[in-house]
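Report on the following structure.
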Amino acid sequence: MTDYAITFACYNQVDYTRQCVDSLVRHGYDLGRVVAVDNGSSDDTRAYLDGLPLGGRIYNRQNLGCGVAWNQGVLAFQSEWTVVMNNDVLVSAQWIENLIASAERLGVRAVSPALVEGPLDYDFDAFARDASRRMADVARMGARHAVCLCVHRSVWDEVGFFQATPSLWGYEDTLFFHALDKAGVRTAIVGSSWLHHYGSITVSALKQERGLSGHQGLGARNNYRLLGKSLLRRKWDKFLRKRQERDWRAEELVRYGMTLHGERRDGGFVWR
């Protein structure tokens, strides 16, 4: 049996947390392997979590940010593979098993599932069953995302954990991915495993609390300096990343009529 744990951070938005947990239960996953970290919610989140047979629950007095919460969850239930994910997602059948099997087959130590983002105006379970079969062997090597990341325990030993600085406000994933690249840790997004992601619900709520527009970032504008890259290098890396994403999209559309990143718009799929 695969040794894994799941952790997610939450800050209010209890309805989305409930849907996430319900999807785990519906597909037969043991909540005893789940650690929930609450970052100072003021809604009914803690009362809801108290009623669940979780493997762990951590209640912070205030919002300490994603990096702190993710580290707390990872360390509370140490396993061979740890899934760090958002609380505004729905899982599908065999998503963890397929995710880890693909990682082992590809020889990667950090792996993310394919995503559909946006409103849940379609039958996600039926979609995921078909998509995970159709795209079982598809992988975007070198890619990953912070909506859901499954990490092998050797990565924590070699690279370390997420930067635990609350003021980063969402930049923790960028810094962690940068550290993975520097250490030569192979990553991938795979088509054998699918999630539905409602779309950065907590981040949007935090921006609203702070009076920020949807286009503004939560973190400091100079967080990019922590990467230690020149402006030219950042622009070049972004150019290469965007070109690679276009190539992946074009190839996947030709072969499968879909890609590993879908978005729901006006009742249909837009493939990215």
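Taken together, the residues in the range 246-258 that are without any contact (Cβ under 8 Å) to a residue 60 or more places away in the chain and either in a loop (DSSP other than H, G, I, E, B) or open to solvent by less than 90 Å² (accessible area, probe 1.4 Å) (or both) amount to 4.
Is there any pair linking a residue in the range 1-16 that is under 15 Å from Val151 (Cβ atoms) to one that is open to solvent by 20 Å² or more (accessible area, probe 1.4 Å) and of a type in the set (D, E, K, R), with Cβ under 8 Å and at least six apart or on different chains, and which? What qualifies is Thr2/Glu80; Thr2/Glu97; Asp3/Glu80; Tyr4/Arg33; Tyr4/Glu80; Ala5/Arg33; Ile6/Arg33.
Does the range 130-140 contain at least one residue that is under 17 Å from the mean Cα position of the chain (by Cα) and open to solvent by less than 10 Å² (accessible area, probe 1.4 Å)? No: the range 130-140 contains no residue that is under 17 Å from the mean Cα position of the chain (by Cα) and open to solvent by less than 10 Å² (accessible area, probe 1.4 Å). Taken over the range 131-171, the criterion of being outside any helix (DSSP H, G or I) and farther than 30 Å from Asp247 by Cβ is satisfied by Gly160, Phe161, Gln163, Ala164, Thr165, Trp169.
With the condition kept exactly as written, say whether any residue in the range 188-200 is within 30 Å of Val68 (Cβ to Cβ), open to solvent by less than 80 Å² (accessible area, probe 1.4 Å), at pLDDT 90 or above and among the small types (Gly, Ala, Ser). There is at least one residue in the range 188-200 that is within 30 Å of Val68 (Cβ to Cβ), open to solvent by less than 80 Å² (accessible area, probe 1.4 Å), at pLDDT 90 or above and among the small types (Gly, Ala, Ser).
Filtering Ala179, Ala128 for residues that are of a type outside the set (Lys, Arg), without any contact (Cβ under 8 Å) to a residue 40 or more places away in the chain and not in a loop (DSSP other than H, G, I, E, B) leaves a single hit, Ala179.
Would you mind stating whether Leu149 is under 21 Å from Trp70 (Cβ atoms) and out of contact with any strand residue (DSSP E or B) (no Cβ under 6 Å at 6 or more places or on another chain)? So Leu149 does not fit the description; no. Can you name every residue in the range 201-245 that is within 21 Å of the chain's Cα centre (by Cα) and modelled with pLDDT of 90 or more? Result: Lys238, Arg241, Lys242, Gln244, Glu245.
The values are calculated or read from the model by the stated rules, or taken from the named source; none is laboratory data. These figures come from a predicted structure and were not determined experimentally. In this analysis, Cβ positions are derived from the backbone assuming ideal geometry, glycine residues included, and neighbour counts consider all displayed protein chains. Surface accessibility is based on the protein's heavy atoms, side chains included, excluding ligands, DNA and RNA. Shrake-Rupley method; radii C 1.70, N 1.55, O 1.52, S 1.80 Å.
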